[in-house]
Amino acid sequence: MKLKTIASLLGAVAVAGTALMAGTASAEDKVGFVYVGPVGDHGWTYRHDIGRQAVEKALGDKVKTTYVESVKEGPDSERVIRQMAADGHKIIFTTSFGYMNPTLKVAKSFPNVKFEHATGFKRADNVSTYSGRFYEGRYVVGKIAGKMTKSNIIGYVGSFPIPEVVRGINATILAARSVNPDVQVKVAWVNTWYDPGKEGDAAKALIDQGADIILQHTDSPAPLQVAESRGVWAVGQASDMHHFAPKAQLTAIIDNWDPYYVARTKAALDGSWKSMDTWSGLKDGMVTLAKFNEAIPADVIKLAEETRDGIIDGSIHPFAGPIKKQDGTLAVKEGETLDDGTLLGMDWYVEGVQGKLPK
Amino acid sequence: MSYEWLVPVILTVITAATPLVFAGIGELITEKSGVLNLGVEGMMLVGAVSAFVAATVTGSYFIAILTGALAGMFMAFLFGILTLSLMANQVATGLALTLFGVGLSSLIGQDYVGTPVAALAKLNISGLTDLPIIGPILFGQDVLVYLSFVSVIGVSWFLYKTKAGLILRAVGDSHNAAHSIGYSVIGIRYLAVMFGGAMSGIGGAYLSLAYTPMWAENMTAGRGWIALALIVFATWKPGLVLVGAYMFGGITILQLHAQAAGLDLPSQILSMLPYLATVIVLVLISKDESRIRKHAPACIGKIFHPAA
């Protein structure tokens, strides 16, 4: 736990104490956030914390938000979530896939607390799930990457081989090959969400093996820094990372949780909160793209914008057939698209990805 | 067969190993004096953020590295006050130092998240650096890489060739004996602990100035703990700390290359390899108990109560 959190917890205790002494029962409603990385990762957790700040801004004095950062997935997270629930938080956002089971477990013991789990698939009466269709952003990125690569090798720094990440890799290569059939993707898994050193090393390894565009599904800007210093392209992840790679960043996929967090907190406060599943993308603005690099030719920018607009108006689906699996078998027939269920459980590579998917 | 691919691999291995060498060699001196400081991770983080802030404010990398060292030293000094003067438990205090370092570093670095800095300059001797293969490896590193080698040689020489080194080892092996012949056990341990802090601080500075030139919270990502394990791995011998750090870095980098090259092995196992190798070597070393007993400081972790 971090100083800020401790300070805010102390603050909350002080507020509660004052309220008791004054005899008034109405303290501020507490909204909790559990983060997998540090708020300063400049990626995933950073964007969730921007969402938390949006809640504070929108609801002002009515709420008090607290957060605990760098909480390891697994038993640690259960302790933190349980502590938050016991502490009287009205609604708790748990923002990593690995918090799924701990969240459900704690939710059982606290039926009056509302839980919001990011990127999970298990729900309960008091547990909602939400996630972004990041693959839509990656599909747009894939079109750009396919046009911009000279070596026809795209390097991809992967965190964990879970469907979320595999889906992103597949969306990228499908888009890239639709404009450049010779493109291949090489993947280096680092088995961590956040370790700048290792993420950078993975990027170096991929560049050394011929990649001239580095994409990533990890949370630090280190791969972009490597791309910048080695003179290749890169795409930012979760937030706009162009400060770290002003020349190299083609664009970035930006997670935007603000409207969702504000809406769900309001619902929890006014009693209209219901358990549900939200999976929004470019259309609802939960996924957006950073400014395109000026070095991208106008026709490629046009293509990217058309792809983005097509996804928004529904005329383009990233996983529209025909799609071949890595081994050449047909996964989706011409004229069909993959349904959300298959997308959520995606555990196979499409054609064009090098190497085997770790199980 | 072409050896072209080898050069970038070796260059990456060097950057991955260097912070471990610094933190490991510093903690080695600390432990040789009989003190176990588990706060390496915290000292590295504070060193990393201080060096980064100093680099952005002054623009001087000399001042930045110095600041990193001093910041690590300051953390170690706090540890010294608690464990050496106030005789707190070393294990608990070391763990607390790490937690404190995590919080303190993110507090200091709050306004610096997302500010990039130019990477520490690499040596470039025209003629030498341009040599094939050995040029970039031997003559193309930044100053801290060379300093890491110097520090290993220096510490070896100090421990085994100087009287001061002998006294340090004596304090670590039998503080009562050293005390009874008139050496200031506490004073010597303070110096050793602070040297360890300074080196951890420089290891941290290497992370934020050269490895990934930025400040990001918790950016050490466990390297302080790996450095601690390296010392046991090295059975408290400086040269083996260097070997261990390069082995660890080397396997980490090679597994990433193996993946990128499409080697058909589960990435989880590949990621596990460096740790697995460390454990295996530890087991092999432990079979020969005398090796450990000969080099491990006998008084490690024990609190010294000066006889009245």
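Just a few scattered comments:
- Scan of the range B:21-54 for residues that are within 14 Å of B:Ala205 (Cβ to Cβ) and either small (Gly, Ala, Ser) or surrounded by fewer than 24 Cβ atoms within 10 Å (Cβ to Cβ) (or both), ordered by number: B:Ala23, B:Gly26, B:Gly47, B:Ala48, B:Ser50, B:Ala51, B:Val53, B:Ala54
- Positions within the range A:19-48 being under 28 Å from B:Tyr112 (Cβ atoms), open to solvent by 10 Å² or more (accessible area, probe 1.4 Å) and either modelled with pLDDT of 90 or more or among the basic types (Lys, Arg) (or both), in sequence order: A:Val36, A:Trp44, A:Tyr46, A:Arg47
- The range B:212-241 - residue that is at pLDDT 90 or above and surrounded by fewer than 24 Cβ atoms within 10 Å (Cβ to Cβ) and, of those, nearest to the other protein chains (Cβ to nearest Cβ): B:Pro213
- Residue list for the range B:23-36, restricted to those being under 12 Å from the mean Cα position of the chain (by Cα) and more than 14 Å from chain A (Cβ to nearest Cβ): B:Gly24, B:Ile25, B:Gly26, B:Glu27, B:Leu28, B:Ile29, B:Thr30
- Those helices (runs of 4 or more DSSP H) lying entirely in the range B:114-184 with at least 1 residues touching a residue at least 24 places away in the same chain (Cβ under 8 Å), among the polar types (S, T, N, Q) and within 22 Å of B:Ile300 (Cβ to Cβ): B:143-161, B:175-180
- Residues (among the aromatic types (Phe, Trp, Tyr) and buried (at least 19 other Cβ atoms within 10 Å of the Cβ)) located in the range A:64-120: A:Tyr67, A:Phe93, A:Phe97, A:Tyr99, A:Phe115
- Whether a residue is of a type in the set (Phe, Trp, Tyr) and open to solvent by 30 Å² or more (accessible area, probe 1.4 Å) was assessed, and A:Trp193 passes this test.
- Inclusion of A:Lys302 among residues that are assigned to a helix (DSSP H, G or I) and free of Cβ contacts under 8 Å to residues at least 60 places away in the same chain is warranted.
- Single unsatisfied condition, B:Glu4 versus (1) within 14 Å of chain A (Cβ to nearest Cβ); (2) part of a helix (DSSP H, G or I): (2)
- Restricting the range A:148-178 to residues that are assigned to a helix (DSSP H, G or I) and touching a Leu at 6+ places or on another chain (Cβ under 7 Å), the residue that is farthest from the other protein chains (Cβ to nearest Cβ): A:Met148
- The listed residue being open to solvent by 20 Å² or more (accessible area, probe 1.4 Å) and away from every other protein chain (no Cβ under 14 Å), out of A:Leu289, A:Leu282: A:Leu289
- Residue check, B:Tyr206 within 16 Å of the chain's Cα centre (by Cα) and modelled with pLDDT of 90 or more: yes
- The one condition from (1) more than 30 Å from A:Gln209 (Cα to Cα); (2) surrounded by 22 or more Cβ atoms within 10 Å (Cβ to Cβ); (3) not small (Gly, Ala, Ser) that B:Leu82 does not meet is (2).
- Across the range A:211-231, not a single residue is classified as surrounded by fewer than 24 Cβ atoms within 10 Å (Cβ to Cβ), farther than 28 Å from A:Glu73 by Cα and touching a Gly at 6+ places or on another chain (Cβ under 7 Å).
- The range B:247-279, residues that are open to solvent by less than 50 Å² (accessible area, probe 1.4 Å) and away from chain A (no Cβ under 14 Å): B:Ala277, B:Thr278
The values are calculated or read from the model by the stated rules, or taken from the named source; none is laboratory data. Here the structure is a predicted model, which means the values were calculated and not measured. Counting neighbours? That spans all protein chains shown, and the Cβs are built from the backbone with ideal geometry, glycine included. We work out accessible area using only protein heavy atoms, side chains counted, and drop any ligands, DNA or RNA first. Shrake-Rupley method; radii C 1.70, N 1.55, O 1.52, S 1.80 Å.
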